[in-house]
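Written below as structure tokens is the structure these notes are about.
Bear in mind that the values in this text are calculations on the coordinates, not laboratory data. Small disclaimer: the values here were computed from a predicted structure and weren't measured. With ideal geometry, Cβ positions are generated from the backbone for all residues, glycine too; neighbour counts draw on all protein chains shown.
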Amino acid sequence: MIQKALFGAGCFWGVEEHFRIISGIIKTEVGYSGGNTKNPTYESVCYQNTNHAEVLLVDFDDEIISYATLVDEFWKCHDPTTIDRQGPDIGRQYRSVIYYFDEFQKKIAETSKGKHQTSFNNMIVTEITKADTFYKAEEYHQKYIQKREF
């Protein structure tokens, strides 16, 4: 059955590319979630304190890949111990966050966070919160890295 997962792990371009190539992923879309304005744009998220995170919405076939495996991949694709920062990208939009759609996903995320804490020298600061409205990012952001490969 097709399920959804929603992750924020820094700049959504690299996060999308990390997940896009995993077997069982049906579709990826980058966008914004968790903020306090409707219909945010890239410019408003970056410069107007909308509180949105850059996120990746994933449709996946749970008969091929489990949600737990996707959460494991989430820990691999960024540093979940930095607050509002991934590499050179700094700002609230780059926070580490797992948005869950139901109690099953919440439990998996919380259990996984505890399990993975021992893999990091610093405390994991990843937020785990109920999924909010997803706003699809502008088309030029979709599959950005794939579009620029030679």
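Sorting Glu16, Glu138 on the 10 Å Cβ count, fewest up front, what's the list?
Exposure proxy ranking, most exposed first: Glu138, Glu16.
Measuring from centroid to centroid over Cα atoms, what is the spacing of the range 46-79 and the range 83-118 in Å?
8 Å
So the label point goes 7 Å from the Cα of Lys115 along Cα→C-beta, right? Which residues of the range 59-98 then have their backbone N under 14 Å from it?
66-76
In the chain, how does Rg compare with the Kirkwood Rh, expressed as the Rg/Rh ratio over alpha carbon atoms?
0.94
In the structure displayed, which of Lys76/Lys130; Lys27/Lys143; Lys27/Lys113; Lys4/Lys27; Lys106/Lys130 lie more than 19 Å apart, Cα to Cα?
Lys76/Lys130; Lys27/Lys113
At a Förster distance of 22 Å, what's the computed FRET efficiency of Met123 paired with Asp72, Cβ-Cβ distance as r, to 0.05?
Here the calculated transfer efficiency is 0.70.
Among Ile128, Ile83, what is the fewest-to-most ranking by other Cβ atoms within 10 Å?
Listing Ile128, Ile83 from fewest to most nearby Cβ atoms yields Ile83, Ile128.
Which helices, taking whole DSSP H runs in the chain, have alpha carbons extending 20 angstrom or more along the helix axis plus mean Kyte-Doolittle at least 0.0?
Both cut-offs are met by no helix.
Which order do Thr50, Thr118 fall in if you start with the one that has the fewest other Cβ atoms within 10 Å?
With the sparsest Cβ surroundings first, the list reads Thr118, Thr50.
Normalised by the residues of the range 54-122, what does the relative contact order come to in percent, with Cα pairs under 8 Å and at least six apart?
For the range 54-122, the relative contact order is 31 percent.
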